[in-house]
Amino acid sequence: MRKLLFIVSEDWYFISHRLHLAEYAIKQGYNVTVLCRVNSHRKEIESAGIRLINWQIERGSLNPIYEIKALWGINKVLRTIQPDLIHVVALKPILYTAFVARFNIDCGHVYALGGLGFIFSSKKLLANMLRPVLVKTMRWMFSRKHIRLILQNSDDQKLLLKMNVVNNERIHLIRGAGVDTCLYSPTPFSQTEGRLVILPARLLWSKGACDFVEVARSIKNEGMNVRFALVGGMDEQSPDCIPKSQIEVWKREGIVEILGNQNDMPNILNMATVICFPTTYGEGLPKALLESASCATPIVAYDVPGCREIVVNDVNGYLIPLKDIDAMTKALRKLLLSPQLCRRMGDAGRKLVLENFSQEKVAIETEKVWNEALV
């Protein structure tokens, strides 16, 4: 039986984005292990027949002691398990795994990037300084024979090819982590007096919460009967986390509701009239948008990498020029005033997901990458 090792940073991320792949791998005859930081999902992961190993990793840390522990954790697991295939998600785990694997076993490597992040998208001095170093490191990472790279959008693919980071034959474009189209399915459409706009995302600055609040303030000042809500928890492991003090300011102002993490996201998405997603940097392909479209909810988002993979302008939502608050407000107002338009765009989004973004489709495409890396 072939052994497959997933390496991700957090157990909650594995549950939301990769559990279905692990379950698919088990059905295909793999023995599956997951290395991640274990917080509160051990029972759920192990009940799926997956071996779970706790990983001491601090995503936002640059402390040498923590980083050595993280590297040692990978080294120990690789030597113990001797996997035939490793599937690693996100840049930091990929960098660490690629380094450790150079001195360990020779096996197939599949690296999955959900987006290129701050260093590639920002024009700040720190990003400009780090980018050349990271590019050289990634060239070294992807030079081994049995390595394949999964990207979620064509913008990231074009950028990495332009920078000569990796050969095109090593890249596989799989748009998103997939969505459970049975769980995330639309409920019967009904027009209600109360309308709801939500931003389903962690409370990070880069997810666009400030822009969301500004749009909410503008629309509510017009006297429109509509609620705005931030749906997602704090991620204190991220340096981009919005501080509690700012969240308290928004609560006191009363313009937006702070709902935090919700266990029943399909119901929340079906309650929403519109999804507003003003993320200010390119992502791989936001899973929240896949789930929203699968629930037949129209989307208004900035025209950035990742969002434009799932939002087709004027079909299942609107793509807005980056930081154009007025245009985003106008698009939201148009949808809020037209239930028929919401229904038409929502149906188009549902159809788009069924044809292109189901978990089953993503699993089959990923298995092809696994098989190629194993050759």
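So is Val197 among the hydrophobic types (A, V, I, L, M, F, W, C) and open to solvent by 30 Å² or more (accessible area, probe 1.4 Å) or not?
When the stated conditions are applied, Val197 does not pass them.
Would you check if there is a residue in region 66-74 being in a loop (DSSP other than H, G, I, E, B), closer than 30 Å to Trp205 by Cβ, of a type outside the set (Val, Ile, Thr) and in contact with an Asp or Glu (Cβ under 9 Å, 6 or more places away or on another chain)?
Taking every residue of region 66-74 in turn, none turns out to be in a loop (DSSP other than H, G, I, E, B), closer than 30 Å to Trp205 by Cβ, of a type outside the set (Val, Ile, Thr) and in contact with an Asp or Glu (Cβ under 9 Å, 6 or more places away or on another chain).
Determine which member of the set Val304, Val312 is of a type in the set (A, V, I, L, M) and at pLDDT 95 or above.
Val312
Pull up region 232-281, narrow it to residues that are in a helix (DSSP H, G or I), over 29 Å from Lys334 (Cβ atoms) and of a type outside the set (Val, Ile, Thr), then point me to the one that is least open to solvent (accessible area, probe 1.4 Å).
Gln246
Looking only at region 27-65, filter to residues that are touching a Phe, Trp or Tyr at 6+ places or on another chain (Cβ under 9 Å), among the hydroxyl-bearing types (Ser, Thr, Tyr) and part of a loop (DSSP other than H, G, I, E, B); which one of those is surrounded by the fewest Cβ atoms within 10 Å (Cβ to Cβ)?
Here the residue is Ser40.
Only one of Arg148, Arg144 is within 26 Å of Val100 (Cα to Cα) and surrounded by fewer than 17 Cβ atoms within 10 Å (Cβ to Cβ); which?
Testing whether each residue is within 26 Å of Val100 (Cα to Cα) and surrounded by fewer than 17 Cβ atoms within 10 Å (Cβ to Cβ) leaves just Arg144.
Would it be correct to say that Gln82 is in contact (Cβ under 8 Å) with a residue 60 or more places away in the chain, open to solvent by 40 Å² or more (accessible area, probe 1.4 Å) and among the polar types (S, T, N, Q)?
Yes.
In region 361-375, how many are at pLDDT 95 or above, closer than 17 Å to Ile147 by Cβ and touching a Gly at 6+ places or on another chain (Cβ under 8 Å)?
Total satisfying the criteria: 1.
Please specify each residue of region 290-312 satisfying the condition of being in a helix (DSSP H, G or I) and either of a type in the set (D, E, K, R) or open to solvent by 10 Å² or more (accessible area, probe 1.4 Å) (or both).
Glu291, Arg308, Glu309, listed by residue number.
Looking only at region 93-106, decide whether some residue is open to solvent by 10 Å² or more (accessible area, probe 1.4 Å) and within 21 Å of the chain's Cα centre (by Cα).
yes
What is the number of the single condition among (1) more than 24 Å from Leu5 (Cα to Cα); (2) at pLDDT 90 or above; (3) open to solvent by less than 10 Å² (accessible area, probe 1.4 Å) that His87 does not meet?
If we test His87 against (1) more than 24 Å from Leu5 (Cα to Cα); (2) at pLDDT 90 or above; (3) open to solvent by less than 10 Å² (accessible area, probe 1.4 Å), just (1) comes out false.
Suppose we filter region 313-348 for residues that are open to solvent by less than 80 Å² (accessible area, probe 1.4 Å) and in a helix (DSSP H, G or I); how many remain?
Result for region 313-348: 15.
The values are calculated or read from the model by the stated rules, or taken from the named source; none is laboratory data. Nothing here was measured: the structure is a model prediction, and the numbers come from that model. Here the Cβ is made from the backbone with ideal geometry for all residues, glycine too, and neighbour counts use every protein chain on show. With ligands, DNA and RNA removed, areas are computed over all heavy atoms of the protein, side chains included. Shrake-Rupley method; radii C 1.70, N 1.55, O 1.52, S 1.80 Å.
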